[in-house]
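**Student:** Please see the structure below; I have some questions.
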Amino acid sequence: MNYLVDNEDLLKKCKLYIIPILNPDGAKSYTRLNANNIDLNRDAQDLTQPESVVLKKVFETFKPDFCFNLHGQRTIFSAGNINKSATVSFLAPAQDKKCTVTKTRQIAMEIIASMNKMLQNVILNSVGIYDDAFNINCVGDTFQSKNVPTVLFEAGHYKDDYSREEVRIMIFGSLLIALETISENENLGAKFEEYFDIPKNEKLFYDIIIRNAKVLTNSEEKELDIAIQYEEVLADGCIHFMPKIKKFGNLSMFFGHKEVDAKNQQVTLGGNLSLEMENAIDFVTINNELFSLKLVNNY
């Protein structure tokens, strides 16, 4: 919005309606659920919540030609089956159960292709396409089903960017490209094929993987990999990233945003914690050398 104040030319071509936060209670509590513990992104049809009713009223009153559906994405996603994090992901949501490539979806696809072209100059091979399984209860699928081209934005993970400041820049740039594409093209949808060149998201990442660890479990020494994932917890007004064991065994098919090679040496978990799923663990000791698993900063 600050940018648009100083760059009014775009507003001469497009009229924007912005809802900064659709779920203020969820934002305050750092959860996708609202104060009634309802996922608003599954309430687009039943409209059981006041926020959902407001969104529907805005949609029907404003009568948009395009919709942008803005989300944050977990750090687990890769941009295809490669060691590249899905820093930004997009989707032209399905319009029906068959995921038919309708004219409406083609328009959304061309917009996404334009944004991807720009992003490849910044985050090469780190843009993905989110799963397009149809769910009419989702906001994006509902808007698309009404023949309004809808684009899903997912702000993902950039190296060491757990505050998502770098990703904000990429989303901002993507939004500008999307608006320019809409305002400068009268026949959108004719160039949608490049959308299908963008790889689909895979769930191949953990925040930390400890490779080639020797761990004593049940009086038996095992050689394996250990995956750690941060659980984001709101406490005292700050987001704390709690490291938890999420998987162990042969993890050669997975990638870590950070990887530690134990080189087949003895690994002790925290204060002699057992190797169990969901155990919170702040550090490991490898051959008597301590390795912290905590982020330097909480946000």
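Since every read-out is calculated from the coordinates, none of them should be taken as a lab result. Source: prediction; values computed, not measured. Don't worry about glycine lacking a Cβ; one is built from the backbone with ideal geometry, like all the others, and counts go over all protein chains shown.
**Student:** What number, in percent, do you get for the relative contact order of the chain if the mean sequence gap of Cα pairs under 8 Å and at least 6 apart is divided by its residue count?
**Tutor:** 16 percent
**Student:** Another question about this same structure. For Lys247, which aspartates and glutamates qualify as cross-link partners when the Cα separation must be under 18 Å and same-chain residues fewer than eight apart are set aside?
**Tutor:** Lys247 reaches Glu202, Asp207, Glu221, Glu223, Asp225, Glu231, Glu232, Glu259, Asp261, Glu276, Glu278, Asp282.
**Student:** Checking the cross-link filter: which lysines have an alpha carbon closer than 20 Å to that of Lys57, excluding same-chain neighbours under 8 positions apart?
**Tutor:** Lys15, Lys146
**Student:** Continuing with this model, one more query. With a Förster radius of 22 Å, plug the Cβ-Cβ distance of Leu4 and Val58 into 1/(1 + (r/R0)^6) and report the FRET value to the nearest 0.05. Numbers along the way, then the final one.
**Tutor:** Working: r = 19 Å, r/R0 = 0.86.
Calculated value: 0.70.
**Student:** For a quick check of your reading of the filter: which trypsin sites (Lys or Arg not before Pro) in region 41-101 sit in a DSSP loop and have no more than 13 other Cβ atoms within 10 Å?
**Tutor:** Filter output for region 41-101: Lys97, Lys98.
**Student:** Next question, about the same structure. Given R₀ = 51 Å, FRET efficiency for Asn288-Phe172 by Cβ-Cβ distance, to 0.05?
**Tutor:** The value I calculate is 0.65.
**Student:** Once you place label points 7 Å from the Cα toward the Cβ at Ala280 and Phe134, how far apart are they in nm?
**Tutor:** Roughly 4.4 nm, to one decimal.
**Student:** Also: Just to be sure I understand the model, the point goes 7 Å from the Cα along the line to the Cβ. What's the resulting Glu184 to Lys13 distance in nm?
**Tutor:** It works out to 0.6 nm between the two label points.
**Student:** When the chain is fully extended, how far beyond the present Cα-Cα distance does Glu231 get from Glu194, taking 0.36 nm per residue of separation?
**Tutor:** Result for the pair: 9.8 nm of gain on full extension.
**Student:** Sort out the exposed loop GluC sites (Glu not before Pro) in the chain (DSSP loop, at most 15 other Cβ within 10 Å) and tell me the longest stretch that has none.
**Tutor:** The reported range is 9-185.
**Student:** Calculate the translational D of the chain in whole µm² s⁻¹ from Stokes-Einstein, where the hydrodynamic radius comes from the Kirkwood formula applied to all Cα pairs, the temperature is 20 °C and the viscosity 1.002 mPa s.
**Tutor:** Working: Rh = 21.2 Å.
This corresponds to a translational diffusion coefficient of 101 µm²/s.
**Student:** Check cross-link reach from Lys13 to the lysines: straight Cα distance under 22 Å, and skip same-chain residues fewer than eight apart.
**Tutor:** Lys63, Lys191
**Student:** Which loop-located trypsin sites (Lys or Arg not before Pro) does region 1-37 contain, where loop means any DSSP state but H, G, I, E or B and the Cβ has at most 15 other Cβ atoms within 10 Å?
**Tutor:** Filter output for region 1-37: Lys13, Lys15, Arg32.
**Student:** While we're on this one: Say each of Asn83 and Asn272 gets a label point 7 Å from the Cα, pointing the same way as Cα to Cβ; how far apart are those two points in nm?
**Tutor:** Distance between the two pseudo-spin positions: 3.6 nm.
**Student:** Below 8 Å between Cα atoms, with a sequence gap of 6+, how large is the relative contact order for region 39-114 in percent?
**Tutor:** Values: 30 pairs, mean separation 10.7, N = 76.
It comes to 14 percent, rounded to a whole number.
**Student:** Could you list Asp9, Asp161, Asp39 so that the one with the fewest beta carbons within 10 Å of its beta carbon is first and the one with the most is last?
**Tutor:** Arranged by neighbour count, lowest to highest, Asp9, Asp161, Asp39 become Asp9, Asp39, Asp161.
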